[in-house]
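Have a look at the structure below before the remarks.
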Amino acid sequence: MPMRKGETPTVRLEWNGKSAVPPPRPAPLHRLMEIYPSGTRIQKKTSPLNRLILGDNLAVMDALLEEMRGKFRLIYCDPPFATGKGFDRRIGRGEDSRKPETWRLGEGYADSWNSIEEYLSMLYPRLIRMRDLLAADGTLYLHLDWRAVHFAKVLLDELFGAENFINEIIWVYHGPSPGKSYFNRKHDTILVYGRGKTRAFYPDRIRVPYHPSTHRTFASSPKAGFGKKPDLLRGKIPEDWWYFPVIARLHNERTGYPTQKPEALLERILQASSTKGDLVGDFFCGSGTTLRTADSLSRRWIGCDTLPQSISICQRRLALGRSRPYAIDSLVREMPAAAKRIRLTAAVRADRRRVTVTLAGLSPCLPDGFPVSLDYWEADFDYRGDVIRSEHQAARPWRKGSTETSLSHTYSRAGSYRIFLRAICSDGAVSTGERRIEIK
Ligand SMILES: C[S@@+](CC[C@H](N)C(=O)[O-])C[C@H]1O[C@@H](n2cnc3c(N)ncnc32)[C@H](O)[C@@H]1O
């Protein structure tokens with residue numbers, strides 16, 4: 001039954017271990033890098049607005065709260081679903097190929113819990129922080145499935161107020177299913193809550209065409225719709241069930257990161273509940289679907305993930321999408337490398353003020369000789385020993401092709417420069433190197 005105005009819910013979810021969430025304990029965020037995708041101008045005096053943050057999102061949101069409370073127009077939240085499994089990623093030189101010899105499974109993210117209580121104790125404080133980061137007219141989209149969504153609905157009623165519930169969106173898709181004794185589970189549920197009574201919603205940006213049968217009905221009978229004819233040309237606001245295909249092997253946007261969501265799904269969410277220049281957050285950002293979509297729709301964004309491999313995939317994805325500049329921040333002072341086992345050797349050639357760095361003989365392999373690919377590399381041509389300002393990048397395209405092995409830069413002034421290089425391989429290994437050059 002809908003809540004009456006001013007009524008507080010008496011239905012609450014309790015579990016062993018549910019406790020009052022302590023106030024934020026802000027820890028400093030360290031700036032590790034600034035990325036200026038090739039062709040964008042480096043900003044020495046201001047920081048990029050967009051931020052990719054490595055770390056546990058509870059601590060990261062605590063760190064952001066003081067500065068960013070009430071600043072996010074939209075937060076999309078796609079946490080682990082309480083599946084009890086680990087999700088591996090494909091690594092190798094042909095992760096989308098059907099040939100098993102070209103890929104193998106590498107560590108992805110964990111979704112194993114001792115109990116549903118433990119899972120809820122993880123989710124609860126994070127939902128509170130997201131609520132506090134949202135603007136007064138902001139919207140939360142919480143993406144889950146049958147395992148935890150019903151608990152989450154009761155939790156969100158408690159945290160946002162049942163009167164601020166907006167929608168329960170059912171995302172339907174197709175795919176193989178192992179179940180023989182039940183209907184195929186082929187939908188996820190996205191709970192939508194407003195932070196307050198007024199909320200940003202832009203229906204005209206998400207309209208879809210009416211079904212041909214609706215057109216036929218109105219064409220054939222003047223009495224259809226009891227005299228109320230919809231604007232058939234303008235289209236309709238979509239129903240609360242959406243069909244978008246899952247990201248399969250042949251999709252161009254596929255990154256190989258597990259449980260990657262479709263950009264089309266995020267595009268509808270972002271178009272509906274944010275506008276150009278708005279700040280959008282995703283604190284379980286995975287392969288960066290929200291960040292990439294937000295960037296292409298000219299939203300500002302902050303993304304966070306606890307896995308360095310996620311940050312690496314996001315970097316590659318943002319480079320391939322020619323994103324706007326962004327910063328990489330972290331709770332720790334140095335980006336942990338999955339393994340620093342590849343020596344980065346590079347040849348540096350200068351033609352007057354134009355310098356070209358070429359990676360030499362880089363053919364990365366796992367310790368047992370299994371070949372992996374160079375996924376991404378970047379260079380700061382004027383490294384000053386503190387924050388790395390990545391000014392030129394090369395990334396391996398998603399489906400075919402390899403990473404460009406040369407990057408060039410033209411200096412505007414003579415001088416002595418340090419060139420900082422950083423490369424990421426498909427198994428997550430990160431290598432760095434440094435060279436010096438005199439420009440006359
Ligand atoms: C379901 S995936 C997100 C997928 C993403 N929406 C995409 O399209 O690629 C969940 C992500 O949450 C991350 N994660 C889990 N616990 C986290 C935590 N406490 N802090 C930050 N990230 C976390 C995992 O590493 C994983 O990348």
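Mind giving me the nanometre distance, one decimal, between the label points for Leu105 and Glu158, set 7 Å out from Cα along Cα→Cβ?
Result: 3.5 nm between the two label points.
Peptides 39-52, 150-163: what's the order by average Cβ count within 10 Å, highest mean first?
Numbers: 39-52: 13.8, 150-163: 18.6.
The most tightly packed comes first, giving 150-163, 39-52.
Loop-only GluC sites (Glu not before Pro) in the range 391-440, please: DSSP not H, G, I, E or B, and at most 16 other Cβ atoms within 10 Å.
Glu404
If one puts a single equal scatterer on every Cα of the chain and applies the Debye formula without solvent, what log₁₀ I(q)/I(0) results at q = 0.13, 0.14 Å⁻¹?
These q points yield log10 I(q)/I(0) values of -1.22, -1.37.
Would you mind working out the magnitude of the charge dipole of the chain relative to its Cα centre, with +1 at each Lys and Arg C-beta and -1 at each Asp and Glu C-beta, to the nearest 20 Debye?
1480 debye
Using +1 on the beta carbon of Lys and Arg, -1 on that of Asp and Glu, and nothing else charged, what's the dipole of the range 56-305 about the Cα centre, debye to 20? Mind showing how you got there, number by number?
On the way: 37 positive and 32 negative charges, 248 e Å.
Dipole about the Cα centre, nearest 20: 1200 debye.
How many nm is it between the label spots at Ser220 and Lys44, if each spot is 7 Å from the Cα in line with the beta carbon?
7.2 nm
Report ³J(HN,Hα) in whole Hz for each residue of the range 163-175, in order, from the Karplus equation J = 6.51 cos²θ - 1.76 cosθ + 1.60 where θ = phi - 60°; Gly and Pro get x.
Coupling constants for the range 163-175: 6, 9, 5, 10, 8, 10, 8, 9, 9, 9, 8, 10, x Hz.
Using only the alpha carbons, work out the radius of gyration and Dmax of the range 346-439 in angstrom.
Rg and Dmax of the range 346-439, Cα atoms, are 14.1, 46 Å.
Got a number for carbon plus sulfur as a percent of the chain's accessible area, 1.4 Å probe? Display every interim value, and only then the final one.
Details: 11360 of 21970 Å².
Roughly 52 percent, rounded to a whole number.
Can you tell me how much longer the chain between Ala347 and Val387 gets when fully stretched, taken as 0.36 nm per residue apart minus their C-alpha distance, in nm with one decimal? Could you put the intermediate results ahead of the total?
Working: separation 40, 0.36 × 40 = 14.40 nm, distance 2.35 nm.
Net length gain for the segment: 12.0 nm.
Please give the contour-minus-distance gain from His251 to Thr405: 0.36 nm per residue of separation, less the Cα-Cα distance, rounded to one decimal in nm. Could the numbers behind the result be given before it?
Numbers: separation 154, 0.36 × 154 = 55.44 nm, distance 2.55 nm.
Net length gain for the segment: 52.9 nm.
Any idea what Rg and Dmax come out to for the range 56-305 if you just take the C-alpha atoms, in Å?
Computed over the Cα atoms of the range 56-305, radius of gyration and Dmax are 19.9, 64 Å.
For the range 105-198, take the convex hull of the Cα atoms, compute a quarter of its surface area, and give me that in nm², please.
8.2 nm²
Over the chain, average the accessible area per residue using a 1.4 Å probe and give it in Å², no decimals. Each step should come with its number before you reach the end.
Values: 21970 Å² over 440 residues.
Result: 50 Å² per residue.
Roughly how much of His174 is accessible, in Å² to the nearest 10, using a 1.4 Å probe?
The value for His174 is about 130 Å².
Measure off 7 Å from each Cα along the Cα-to-Cβ vector at Ser181 and Arg207, then give the distance between these two points in nanometres to one decimal.
Calculated label separation equals 5.0 nm.
Return the percentage of antiparallel bridges among DSSP beta bridges fully within the range 56-305, rounded to the nearest 5 %.
Values: 21 of 35 bridges.
Of all bridge pairs located within the range 56-305, approximately 60 percent are antiparallel.
On a 1.4 Å probe surface of the protein chains, which of Tyr76, Tyr383 comes out largest in accessible area, and what is the full order? Write out the running numbers ahead of the final one.
Details: Tyr76 5, Tyr383 30 Å².
So the residues, ranked largest to smallest area, are Tyr383, Tyr76.
Select from the range 198-289 those GluC sites (Glu not before Pro) which occupy a DSSP coil region and have at most 13 other Cβ atoms within 10 Å, ordered by residue number.
Numbers: sites: Glu239, Glu253, Glu263, Glu267; in loops: Glu239, Glu253.
Those satisfying the criteria are Glu239.
Which listed residue (Gly179, Gly286, Ala414) has the Cα farthest towards the positive end of the charge dipole for the chain, taking +1 on Lys and Arg C-beta and -1 on Asp and Glu C-beta about the Cα centre?
Ala414
The values are calculated or read from the model by the stated rules, or taken from the named source; none is laboratory data. From a predicted model like this one, the values you see are computed outputs, not experimental measurements. Please note: Cβ atoms are built from the backbone with ideal geometry, for glycine as well, and neighbour counts cover all protein chains shown. Surface accessibility is based on the protein's heavy atoms, side chains included, excluding ligands, DNA and RNA. Shrake-Rupley method; radii C 1.70, N 1.55, O 1.52, S 1.80 Å.
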